1. Do we find that Arg93 is closer than 26 Å to Arg199 by Cβ, in contact (Cβ under 8 Å) with a residue 60 or more places away in the chain and out of contact with any strand residue (DSSP E or B) (no Cβ under 9 Å at 6 or more places or on another chain) in this structure?
2. Tell me which helices (runs of 4 or more DSSP H) are completely within the stretch 178-275 and hold 3 or more residues being closer than 17 Å to Phe136 by Cα and under 17 Å from the mean Cα position of the chain (by Cα), or say none if there are none.
3. Give me a count of the residues in the stretch 127-151 that are assigned to a strand (DSSP E or B) and either hydroxyl-bearing (Ser, Thr, Tyr) or surrounded by 18 or more Cβ atoms within 10 Å (Cβ to Cβ) (or both).
4. Given the conditions (1) without any contact (Cβ under 8 Å) to a residue 24 or more places away in the chain; (2) outside any helix (DSSP H, G or I), and given that Glu49 satisfies all but one, which numbered condition is not satisfied?
5. Pull out all pairs, ordered by first then second residue, where Cβ-Cβ is under 6 Å, the residues are six or more apart or on different chains, the first lies in the stretch 275-299 and is over 15 Å from Ala129 (Cα atoms) and assigned by TED's automatic domain parsing to the domain that holds Arg229, and the second is part of a loop (DSSP other than H, G, I, E, B) and not polar (S, T, N, Q).
6. Quickly run through the stretch 117-126 and pick out the residues that are assigned to a strand (DSSP E or B) and surrounded by 15 or more Cβ atoms within 10 Å (Cβ to Cβ).
7. Of these, Leu63, Leu114, which one is in the same structural domain as Arg199 (by TED's automatic domain parsing) and assigned to a strand (DSSP E or B)?
8. Among the residues that make up the stretch 49-59, is at least one of them over 25 Å from Ala166 (Cα atoms) and among the aromatic types (Phe, Trp, Tyr)?
Amino acid sequence: MRPAVYIPNFNGAERIGRALGSLREQSRPVDVVVVDNGSSDGSLELLREEFPEVTVIALERNLGFGPALNRAIAEQKADPLILLNDDAAAGPRFVEALLDAAAEGVQAVAGVLLQERAPELIDSAGVVAETTLMGFDYLHGEPLAAAAKAADPLGPTGGAALYDRAAFEAVGGFDERIFLYYEDLDLALRMAAAGGRCRLAPAATALHAYSASLGAASAGKYARTGWSRGYMLRRYGVMRKPRTALRALACEGVLCAGQLLRDRTASGLGGRLRGWRDGAGLPERGLDGAPLLDLSPREALALRRRRRG
């Protein structure tokens, strides 16, 4: 099978054209599939009129990031699977660099998203997590040159990724319960538990408009990230170990208090409680094989503040 780039889209008519235009300029031509989550802003018309070469899968409603990609990947067969956000513009060697890094024994490859306002700085070079499964964008804020000497991350960010199809399917793809946020970390943990390996591809760069869909500090984003955080805490049994549970409660309390005081919203707290509830009764997932960071709560919160900054 040929490789393909999959792009999820929801009301992205103002931004997806840039992403698709960048894929036309790739050093390694590739098939492109856009899965549209029930957009109402003219996205489908734009795709038909300006990008006739793109395969479009139009869903009737917004299923979320991971579930939409699962459907597109099942319907449009390709191998390997390359993911790109609709708010990212790929560099000309993005596809080529990902494919070059996908050597034997590698199940996933992490591309490098660059900050749109400061293209010399990294936005995300994959995902990493500490022992309570608080996730972080790898190398965020570092100069691009740092990626050349960096170790490999736990897994790729969902906005710039390559996955081996067989490895992706073996762990069940993205968790259908996670609507948005943390779905890439969850997938990375499951792939690591299955013996999967991720490699960083420093030359696979894309310019990223951070949180263009929901806004970086919006109540909507806090609700979604909160749900995913609560769900992950329960699904992976993080709270079963007293020391880890205390660390998780301390960090989550600080984060929720900050959102309440700074942004005047308790959406993050409500989201966490709903995610915890929705994770009840599901089989617990293991963390065997996952290289987690050993950070103190102070260090973890410092990394979180750096992301917001």
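1. Here the answer is no, as Arg93 does not meet what is asked.
2. Correct list: 183-193, 219-235.
3. Residues that pass the stated criteria total 7.
4. (2)
5. Glu284/Gly237; Arg285/Tyr236
6. Leu121, Ile122, Asp123, Ser124
7. Answer to the check: Leu114.
8. Scanning the stretch 49-59 turns up at least one residue that is over 25 Å from Ala166 (Cα atoms) and among the aromatic types (Phe, Trp, Tyr).
The values are calculated or read from the model by the stated rules, or taken from the named source; none is laboratory data. Not measured: the values here are computed from a predicted model. Ideal geometry is used to build each Cβ from the backbone, glycine not excepted, and the neighbour counts take in all protein chains shown.
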